[in-house]
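The structure appears below as structure tokens.
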Amino acid sequence: MKVIELLGVYVFPVIIVAIPVYGWVKGVKVYEAFIRGAEEGLRVVFVTLPYLVAIFVALSCFRSSGAMSLLSRCLEAILAPLGFPPDVVPLLVTRPISGSGALAITAEIMKARGPDSPVGILASILQGSTDTTFYVVTLYLGSVGIKRGRHALVACLAGDLAGFCTGYLVWRVMFR
């Protein structure tokens with residue numbers, strides 16, 4: 001344990017010093033390279049920011065309008081005959097939209113049912129099987145300037161569906 005603590009204390013400062021020293025030894029103008037990288041980073045922020053604001057506003061409207069809960073209720077009715085726990089259905093709707101929202105739902109499930117309960121295990125599997133699709137698509141397509149990415153969104157949502165289905169099947173086979 002002492003070794004890990006020592007590594008934790010010294011590794012980061014060593015890296016912070018080693019990178020500029022290595023660049024200096026190699027003849028790189030370290031400060032200028034740092035400034036150039038910071039400029040490029042800010043440029044990416046300014047290019048992607050409008051896309052992120054747009055997606056967050058649209059998703060907020062989706063939630064506030066009640067469409068999200070309506071979709072959850074419809075999915076519950078469809079998935080109940082398959083033995084899908086109704087507690088986890090809101091996670092299916094929220095995960096592609098909001099990582100923090102999905103994590104909050106998973107935490108609620110863990111608190112109510114326990115992390116080792118079948119529902120808690122399924123929530124964990126589904127949380128790890130997919131990504132926040134709308135955020136990722138918006139960020140990636142926006143950063144490279146693609147204006148119409150509807151095919152990418154459909155492909156990513158199909159990936160989410162595959163992740164949810166596979167996660168559910170793994171849960172049914174291994175944990176139920």
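Scanning segment 144-174 for residues being more than 18 Å from Ile97 (Cβ to Cβ), of a type outside the set (A, V, I, L, M) and either touching a strand residue (DSSP E or B) at 6+ places or on another chain (Cβ under 8 Å) or loosely packed, with under 15 Cβ neighbours inside 10 Å (or both) gives a total of 7. If you go through segment 148-166 and pick out every residue that is under 22 Å from Ile55 (Cα atoms) and under 14 Å from the mean Cα position of the chain (by Cα), you end up with 4. Among residues that are farther than 23 Å from Cys74 by Cβ and at pLDDT 90 or above, Ser129 is not included.
Kindly indicate whether Ser100 is surrounded by 12 or more Cβ atoms within 10 Å (Cβ to Cβ), on the phi < 0 side of the Ramachandran plot and of a type in the set (Ser, Thr, Tyr).
No: the conditions fail for Ser100.
Considering segment 1-83, the qualifying helices (runs of 4 or more DSSP H), each wholly inside and each with 3 or more residues that are touching a residue at least 60 places away in the same chain (Cβ under 8 Å) and out of contact with any His (no Cβ under 8 Å at 6 or more places or on another chain), run over 30-64. Being closer than 16 Å to Gly167 by Cβ, surrounded by fewer than 20 Cβ atoms within 10 Å (Cβ to Cβ) and of a type in the set (Val, Ile, Thr) holds for only one residue in Val93, Val119, and it is Val119.
Scanning segment 3-37 for residues that are over 34 Å from the mean Cα position of the chain (by Cα) and loosely packed, with under 10 Cβ neighbours inside 10 Å yields Val25, Lys26, Gly27.
Is segment 5-18 home to any residue that is out of contact with any helix residue (DSSP H, G or I) (no Cβ under 8 Å at 6 or more places or on another chain) and of a type in the set (Ser, Thr, Tyr)? Yes; the residues of segment 5-18 include at least one that is out of contact with any helix residue (DSSP H, G or I) (no Cβ under 8 Å at 6 or more places or on another chain) and of a type in the set (Ser, Thr, Tyr).
Of all residues in segment 48-93, exactly one satisfies the criterion of being at pLDDT 90 or above and either more than 30 Å from Gly114 (Cα to Cα) or touching a Gly at 6+ places or on another chain (Cβ under 7 Å) (or both), namely Ser65.
Collect the residues in segment 61-72 that are surrounded by 15 or more Cβ atoms within 10 Å (Cβ to Cβ) and over 17 Å from Phe164 (Cβ atoms), keeping them in residue-number order. Phe62, Arg63 - these are the residues of segment 61-72 that are surrounded by 15 or more Cβ atoms within 10 Å (Cβ to Cβ) and over 17 Å from Phe164 (Cβ atoms).
The values are calculated or read from the model by the stated rules, or taken from the named source; none is laboratory data. A quick note: this is a predicted structure, and the numbers were derived from the prediction, not measured. With ideal geometry, Cβ positions are generated from the backbone for all residues, glycine too; neighbour counts draw on all protein chains shown.
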